[in-house]
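The values are calculated or read from the model by the stated rules, or taken from the named source; none is laboratory data. Keep in mind it's a predicted model, so treat the numbers as computed, not measured. With ideal geometry, Cβ positions are generated from the backbone for all residues, glycine too; neighbour counts draw on all protein chains shown. Heads up: the accessible areas ignore ligands, DNA and RNA and are worked out on the full protein's heavy atoms, side chains in. Shrake-Rupley method; radii C 1.70, N 1.55, O 1.52, S 1.80 Å.
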There are 2 protein chains.
Amino acid sequence: MRTILFAAALSALSFGAQAGDVAAGKAKAGVCAGCHGVNGISSVPMYPNLAGQHAQYIVKQLKAFKSGERKDPVMAGMVAPLSDADMENLAAYYESLK
Amino acid sequence: MRTILFAAALSALSFGAQAGDVAAGKAKAGVCAGCHGVNGISSVPMYPNLAGQHAQYIVKQLKAFKSGERKDPVMAGMVAPLSDADMENLAAYYESLK
């Protein structure tokens, strides 16, 4: 019984860590569209497409830009005001695009 | 006339810089499939999908992993043996996937 409760708690935690809000992410994504495209398909080949990308990977990169682990002068400025929840919402939004 | 020749030369140069060989890239991509999926769609959400990604962005990231500008212990090992031509071929292959 203890094992089952523990497994359920773990599952809830990991769901919580991944579940971004697509609509909230879309609302925050306006500034991203300049380089990554209105629908997550970038028209500038130097910048990555984000449409359909894994949310977990996007969150990891946003956090890496914020911590300075991954360096990019433009992205450093972009992520500075983002909370963890903002990042999860943006990632959920881009993952939801085709 | 001089301007036209110069423009043509520039155009040829920039084409040369981007044009990877899809078939050669596919032949090199076997080891990438472990994490990025057989068709460039990763089954592990921590790793990015590469299918349809811009070749220019992929080349830029591969070079950044090789130079150490972008740090990742797995990718550092993966890119170590790659030439610039290998990177362009891999990038052309992944860009060609849906």
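For the residues of B:54-63, the average number of beta carbons from a partner chain within 10 Å of their own beta carbon is 3. Around the amide H of residue B:97, modelled in the peptide plane, lie the amide H atoms of B:52, all under 5 Å away and 5 or more residues distant in sequence or on another chain. Counting only lysines at least 8 places from residue B:60 when in the same chain, those with an alpha carbon closer than 16 Å to its own are A:71, B:71. Using a probe of 1.4 Å, the accessible surface attributed to residue A:71 totals some 140 Å² when neighbouring protein chains are kept in position. Converting phi to 3J(HN,Hα) with the Karplus coefficients 6.51, -1.76 and 1.60 and the offset θ = phi - 60°, the range A:42-51 yields 6, 8, 10, x, 6, 9, x, 5, 10, 4 Hz in sequence order, with x at every glycine or proline.
The ellipsoid that matches the Cα gyration tensor of the range A:28-98 has semi-axes, each √(5λ) in whole angstrom, of 17, 14, 11, with the longest given first. Inter-copy label distances for residue B:31: 3.9 nm (label point placed 7 Å from Cα along Cα→Cβ; shortest first). Placing a label point 7 Å from the Cα of residue A:67 along the Cα-to-Cβ direction, the distances to the matching points in the other copies come to 2.3 nm, shortest first. Inter-copy label distances at residue A:43, shortest first and taken from points set 7 Å along Cα to Cβ: 3.8 nm. Residue-level result for chain A: its Cβ closest to the axis carrying A onto B, with that distance in Å, is A:70, 3.
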